[in-house]
Amino acid sequence: MSVLSNSRLTSRSRLLLVSLIAVIFAVGFLAGNTGRAQTVAPGSDADPLVSQSYVDQFVGLVVIELHAGQMLEGMGGTEIIVRSGQVTATSSPLGGLSNVTAGKDMVQGERVPLNHLLIVPRSDGRGIVAQTRAFVMVRGLHIVR
């Protein structure tokens, strides 16, 4: 009986050893494939090209000179920083400009403090009106009237 139990143990050990080796090779193969660098073709869906005007419009800040009486109307998401001059906020029936620096909503006719970041929440006529000559920095879509 001792010979029979030893042969069973040996068969089980062999099966276990073969299974363990197969698992090690499988893990090594998968790790080797996932560790390889994926190359992406420039201009493909995974790495699209953008134009310089897109970058300038949405990433860069543009300096604009406003003359007294001119209005800068921002589209939704436009950021405005008044650098010099006297400027007032223009609002809509749905609300005013978001003054992120002060943490408040700016209403129609309210004077905009210098160097405060304003965000236009939606494209419904909100923006600023220059009371004197003013310089502003703008990021995003806007119209000067």
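The values are calculated or read from the model by the stated rules, or taken from the named source; none is laboratory data. This structure is a prediction, so every number in the text was calculated from the model and none was measured. Cβ: placed from backbone, ideal geometry, glycine included. Neighbour counts: every protein chain shown.
Sort out which residues of region 46-76 are assigned to a loop (DSSP other than H, G, I, E, B) and either of a type outside the set (A, V, I, L, M) or modelled with pLDDT of 95 or more (or both), and write them in order of number. Give the steps one after another, and end with the answer.
Pass one, region 46-76, residues assigned to a loop (DSSP other than H, G, I, E, B): 46-51, 59-61, 67-70, 75-76.
Of everything in region 46-76, those that are assigned to a loop (DSSP other than H, G, I, E, B) and either of a type outside the set (A, V, I, L, M) or modelled with pLDDT of 95 or more (or both) turn out to be 47, 48, 51, 60, 67, 68, 69, 70, 75, 76.
State which residue is surrounded by the most Cβ atoms within 10 Å (Cβ to Cβ) when the search covers only region 77-96 and only residues that are over 10 Å from residue 112 (Cα atoms) and of a type in the set (A, V, I, L, M).
80
I'd like to check something: does region 104-111 contain any residue that is touching a residue at least 24 places away in the same chain (Cβ under 8 Å) and farther than 17 Å from residue 66 by Cα? Break it down into steps so the answer makes sense when it comes.
Our first condition is that a residue be touching a residue at least 24 places away in the same chain (Cβ under 8 Å); within region 104-111, this holds for 111.
Then keep just the ones that are farther than 17 Å from residue 66 by Cα; that gives none.
No - not one qualifying residue is present in region 104-111.
Going by the conditions given, is residue 77 touching a residue at least 60 places away in the same chain (Cβ under 8 Å), under 13 Å from residue 64 (Cα atoms) and either touching a strand residue (DSSP E or B) at 6+ places or on another chain (Cβ under 9 Å) or hydrophobic (A, V, I, L, M, F, W, C) (or both)?
Criteria not met by residue 77.
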